[in-house]
Amino acid sequence: MATHYSNGFSWYVQWTEGGKRKKRRIGRVGEITEADVKLAAKAKEIELRTGRVVLSTGLLFGNFVEQYKEWHASEYPSSHYRVAQILDDHLTPAFEFMPVDGITHMQVDGYKAKRMRSVKSATVAKELRTLKAVINKACEWQLILANPISHVKPPRNLDSSPPRWYSASELSAIYAANEKRQHWWRFMVNTGLRRTEALQVKMSDIDGDSLRVLSSKEARTKSGRWREIPLNDAALEALEQITPCSSFLLPRMVPRSLSRHFTHDSAAVGGSIHCLRHTYCSHLVTAGVPLRTVQMLAGHSSFATTEKYAHLAPGHMRKEASKISL
């Protein structure tokens, strides 16, 4: 039988094995709760009864996640909100009291099956990638010896559809919804900016008819690389109508607020703020712009992302298919 106790500073689990009394420090008082320690003691009991290693390090997932989130927020501020949301809303509730190196394939497959009943496979795949990333970081920091779920496979993604993009008439409906914000959306759709990139644009980034999308410690792009976007006439017209907020082009707000504004203005046609970026890429391709150029303008780190728009190239598929006649 395994029991737990505290010396006032740290929590311990103790047990008898091979006739000898043993103990393991689980964590500092105040950093983990007694409920955590009780679960660790239960895990040790299972290990003693079955011989299966459950409490190998005592590093509980819920405790380590807090360290991981602090590191991730520093390294990837632009994408941290979504990762933190996945951890807080889904992964931590599911694995909180499990040792990081004691999570099994069966437990992850059970999580995967449960989530697949309510969300798309692509969402579950992202959650599993996040779970693996957390455990890989524990390995990198030498807190555990190996990732026990390194061979877990993501669910097959059977969903396939072209990106949602707006026609000229749909954009007109969006612009008409709000006199002030229409210029924000017009600037974004004519530059292909991501939501966070738009919020990071400073007036000093604009040089005549060119916009430099910079990546820095304070404001990173998704790929971590800077790019230059030539401003077309529509983007320049929108720019003239936007009142800068101090040194920034757009008012200061969190990305979620910008999305909420767009959801309100696009209610008549649907879609999300990211559809503005899809629209930029889609209209470039339909205008005959080479995919490689679209990749550079949009800042896609992978050409595979740009290829999603290949079907829109005028005459592309028909031209290639007509090369044979069987």
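The values are calculated or read from the model by the stated rules, or taken from the named source; none is laboratory data. Everything numeric in this text was worked out from a predicted model, so none of it was measured. With ideal geometry, Cβ positions are generated from the backbone for all residues, glycine too; neighbour counts draw on all protein chains shown.
Among the residues of segment 270-312, those identified as among the aliphatic types (A, V, I, L, M) and more than 11 Å from Arg164 (Cα to Cα) are Leu284, Val285, Ala287, Val289, Leu291, Val294, Met296, Leu297, Ala298, Ala304, Ala310, Leu312.
Counting only helices (runs of 4 or more DSSP H) that sit completely within segment 224-317, those holding 3 or more residues that are in contact (Cβ under 8 Å) with a residue 12 or more places away in the chain correspond to 233-241, 255-265, 274-286, 291-298.
Yes/no per residue for (1) among the polar types (S, T, N, Q); (2) more than 21 Å from Leu231 (Cα to Cα); (3) modelled with pLDDT under 90:
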residue: Phe262; (1), (2), (3): no, yes, no
residue: Gly271; (1), (2), (3): no, yes, no
residue: Leu276; (1), (2), (3): no, no, no
residue: Ala304; (1), (2), (3): no, yes, yes
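Based on what the data block shows, is Ala35 in contact (Cβ under 8 Å) with a residue 60 or more places away in the chain and either over 34 Å from the mean Cα position of the chain (by Cα) or not assigned by TED's automatic domain parsing to the domain that holds Gln67 (or both)? In short, yes.
Considering only segment 117-128, state which residues are hydroxyl-bearing (Ser, Thr, Tyr) and under 17 Å from the mean Cα position of the chain (by Cα). Full working, then the answer.
First, pick out the residues of segment 117-128 that are hydroxyl-bearing (Ser, Thr, Tyr): 118, 121, 123.
Across segment 117-128, the qualifying residues are Ser121, Thr123.
When you check Val83 against the structure, is it over 25 Å from Ile46 (Cβ atoms) and not polar (S, T, N, Q), yes or no? Judged against the criteria, Val83 is a match.
On the basis of being within 20 Å of Gln295 (Cα to Cα) and not assigned by TED's automatic domain parsing to the domain that holds Val294, does Pro163 make the cut? Taking the combined requirement at face value, the residue satisfies it.
For every residue, the table says whether it meets (1) modelled with pLDDT of 90 or more; (2) within 16 Å of the chain's Cα centre (by Cα); (3) not assigned by TED's automatic domain parsing to the domain that holds Glu197.
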position: Pro77; (1), (2), (3): no, yes, yes
position: Gln85; (1), (2), (3): yes, yes, yes
position: Leu91; (1), (2), (3): yes, yes, yes
position: Ala94; (1), (2), (3): yes, no, yes
position: Asp101; (1), (2), (3): no, no, yes
position: Thr104; (1), (2), (3): no, no, yes
position: Gly110; (1), (2), (3): yes, no, yes
position: Arg115; (1), (2), (3): yes, no, yes
position: His151; (1), (2), (3): no, no, yes
